[in-house]
Amino acid sequence: MAKCEKCGAEVPQEELSEVQGLKVCEDCEIKSVKPPELKINL
Ligand SMILES: [Zn+2]
């Protein structure tokens, strides 16, 4: 197991991605890739 350097969650090694020099879990990766103020106007 590896640890997300952003939220501290323990995740399998293969689920860690490097974002801006930090090893982060999938959740944090998605959050950091997507713009925070993504608004859905349908
Ligand atoms: Zn995380």
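Here is the short version for the chain: Cys7, Cys28 have no other Cys C-beta closer than 4.7 Å. Each 10 Å bin from 0 upward holds the following percent of the Cα-Cα pairs of the chain: 32, 44, 17, 7, 0.
Roughly how many debye, to the nearest 20, is the charge dipole of the chain about its Cα centre, given +1 on each Lys and Arg Cβ, -1 on each Asp and Glu Cβ, and no other charges? Show your work: numbers first, answer last.
Details: 6 positive and 9 negative charges, 45 e Å.
Taking the Cα centre of the chain as origin, the dipole is about 220 debye.
The modelled label-to-label distance between Glu10 and Lys31, using points 7 Å beyond Cα along the C-beta direction, is 2.0 nm. 3J(HN,Hα) along segment 20-33, derived from phi through the Karplus expression 6.51 cos²θ - 1.76 cosθ + 1.60 where θ = phi - 60°, amounts to 6, x, 10, 8, 10, 6, 4, 4, 5, 5, 4, 5, 7, 7 Hz, with x in place of Gly and Pro.
Taking amide H atoms as placed 1.01 Å from N in the peptide plane, the amide H of Val19 lies under 5 Å from those of Val24, each 5 or more residues away in sequence or on another chain. Since only Met1, Ile30, Leu16 are under comparison, the one whose Cα sits farthest along the positive direction of the charge dipole of the chain, derived from C-beta charges on Lys, Arg, Asp and Glu, is Ile30.
Readers should treat all values here as calculations from the given coordinates under stated rules, not as data from a laboratory. Model, not experiment: these values are computed from the prediction. Neighbour counts run over all protein chains shown; Cβ positions are idealised from the backbone, glycine included.
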